[in-house]
Amino acid sequence: MEGVVKSGRPRWLAGLVCTVVALALGCARHTWKRDDVMTWAGCCEGTDACLALLQETHGPDTGEKWPAPEQSCAAWKLGRAGEDAVPRLTSLLAHPERRVRGGAAHALANMGEKAKSALPALLDAYEREPRGMALHALSSLDDERATPAILRHLLESPTSTLEHLGPALAPVLVGVLESPESSWEALVLVRHVLARRGSMYTETFVPRLRTLLARELAEPTLRRPPGMSCPAAPAPSCEAVFDGCTPRAAYVASVLAAYGRQGEKAAPEVLQALQRGDVRLTPVALQALVAFGSPAAVPGVLEQLAAPECRARALTSLAWLGPVARPAATEPLLRLLATGAEGWERARAAEALGRVGDSAALDALRQAVDAPHSEVQAAAVDALGSYSFQAHAEELKPLLQQVVAAHASPVARIHARLALEWRSDQELRPADSIDCARLIPGRSGEWTVCEEGRTSVQLHWDKPKAPPQGSPCAAVPGGDSASVLEAMGEACLVGWDDGEFGGTLEVHEAGRVTVLEEPRANPLQVVRMHGALVVLEGLAHLLGGAGRLMRVDTSEGRWRATPWVTLPGAPMAYALDDAGDLVVGTTDQRLDAVACGPAGALAPAHVVRITGDGRLAPVEPKGQP
């Protein structure tokens, strides 16, 4: 991009700052919204014109199933047309160009009930092309007559579409779990889909899943998928691993875990699963009990806390359990806060202490505010400002005010500011905002963003490129909707991000899937720094921006994700400096402000550097773009 950088710092850094600030102002620059497309004068008017636009193609067919933006506009408008358009759209389902077939299916999906007569043609299109857009339309129609076809083509169907099956078709997925003939591949796929829609159909699915889990546990020998065997006991793992040694009960328990506290009625069955002592079932059952907030999970989680390879998982679990783990977790967490070998261990111990909420931890947390490691400082402030210590709000207020005014860590300042705002119900203006008025809009209506040399990346809108044939990522189910696809030798790191609905981070290998994070992950991008594989995660929401770095490690064939560094807001751009350190631009602005912030407003934006040992420090660029 064009622009002039006047700064004593590297030009890529100034570009990074410019990018972050520009991204923090959504409505201040020209943006192309879906609403704009729907009323775009260059789209089409009337059924004939929209059908003609839907069939316009430019250049050779690339095989892309999604139509171009103009055709998407036409499909949206056709969705508002009368039923007389259905036969003409139905005929386009057999068009030789895939993008036209996709546009027709997209239009029929938008028509909803009006397109019921197209069901036979959509089923034929789905049989011919399971990976196309026909299933998208079938899921919108939500007709039980599509059930046999979905079962036949389950493994070929787009995972992202299966996740949106309606109440009439979604039960087919539970039926796959119930069938003793379901393959390992089908169980892995269905577990993934159902675990990502855990808030749906609680009243009907949870009882069915409880009954199914009880049935599987009633077997003297736990049943595994047909054709799969486990000749030797697999290595223990703290993560959920699905392979040939994983019993069918683990798939069911994993889906129940996705219902969180809504699924706690299944705690007796899950506790029984934990007591079976199966290497593959135990970690899944324990994670389910944690998701339910069950006290029965505490002993097992504390055992994990004592094992270094399981510590990251245990600290995450204790933070989720909160007061349920009190007082049993307080002493081991205090010990880890004082003696943890790495900064992230001490920091996550501080965070967990804040969720557990035992007042016996207050003195140690106060001292940790000035700990040598930036990550520990910020976590201690977060803990002290948490709801768990609301009874001590007045005595902690001066400390939080001091942190806001003068603490070196931008993350600590944000945590303190949010705690004070929440307790006083008054918004405090950040002292470290960047003046967005320094950016000058160009004649085209877009902001000028300065980039030279190393480039920064707009994380939230960049999707991974399709992996080449032969890559371990090429055959990942649902890879076309992934936010992260990163080859790691013969394995593939896969991330799906659904914003405030959460997401998943998994490792796919031949015959095995390891679930590293679920369901509260927001993976956006992968970067390699100082020999480590780091995933940037983040979310801009109505409470502000949140982000962190997850470190992915492997040891003796077992994968784990370490919650490594907390960022001062949602990551919007990144770069590696000459020393190999990671520099990240973030914003902690509220989502509504990001989308509609006025030009010249002050946007809470930060640029920070993270070193190889996980220390975070603000970068203070000089000059202006």
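The values are calculated or read from the model by the stated rules, or taken from the named source; none is laboratory data. Note that the coordinates shown come from a computational prediction; the quantities given were computed from them, not determined experimentally. Every residue, glycine among them, receives a Cβ derived from its backbone with ideal geometry; neighbour counts consider all protein chains shown.
Annotations for the structure displayed:
- Selection of helices (runs of 4 or more DSSP H) fully inside the stretch 249-364 by the criterion of at least 1 residues being under 21 Å from THR562 (Cβ atoms) returns 281-292, 298-305, 311-321, 330-339, 343-356.
- Residue within the stretch 197-215 that is under 30 Å from GLU556 (Cβ atoms) and outside the structural domain of SER139 (by TED's automatic domain parsing) present: no
- Matching residues in the stretch 277-312 - criterion: being touching a strand residue (DSSP E or B) at 6+ places or on another chain (Cβ under 7 Å) and not acidic (Asp, Glu): ARG280, PRO283, VAL284, GLN287, ALA312
- Selection count where residues are of a type in the set (Asp, Glu) and either crowded, with 21+ Cβ neighbours inside 10 Å or assigned to a loop (DSSP other than H, G, I, E, B) (or both), scope the stretch 174-222: 3
- Sub-6 Å Cβ pairs linking a first residue in the stretch 319-342 that is free of Cβ contacts under 8 Å to residues at least 12 places away in the same chain to a second residue that is surrounded by 20 or more Cβ atoms within 10 Å (Cβ to Cβ), at least 6 apart or interchain, are GLY340/ARG346, ordered by first then second residue.
- Residue within the stretch 270-284 that is crowded, with 17+ Cβ neighbours inside 10 Å, touching a Phe, Trp or Tyr at 6+ places or on another chain (Cβ under 9 Å) and among the acidic types (Asp, Glu) present: no
- Residue check for ARG131: in a loop (DSSP other than H, G, I, E, B) and under 31 Å from the mean Cα position of the chain (by Cα): yes
- Qualifying residue in the stretch 223-230 (condition: surrounded by fewer than 16 Cβ atoms within 10 Å (Cβ to Cβ), among the hydroxyl-bearing types (Ser, Thr, Tyr) and in a loop (DSSP other than H, G, I, E, B)): yes
- Out of GLU303, GLU309, one residue alone is surrounded by fewer than 19 Cβ atoms within 10 Å (Cβ to Cβ), under 20 Å from GLU342 (Cβ atoms) and not assigned by TED's automatic domain parsing to the domain that holds SER555. It is GLU309.
- ARG590 being at pLDDT below 75, farther than 20 Å from ALA350 by Cβ, basic (Lys, Arg) and assigned by TED's automatic domain parsing to the domain that holds GLY499: yes
- Residue in the stretch 383-394 that is under 30 Å from the mean Cα position of the chain (by Cα) and among the aliphatic types (A, V, I, L, M) present: yes
- Some residue of the stretch 105-118 being within 22 Å of LEU169 (Cα to Cα) and outside any helix (DSSP H, G or I): no
- For the condition within 26 Å of SER183 (Cβ to Cβ) and not β-branched (Val, Ile, Thr), ALA307 does not qualify.
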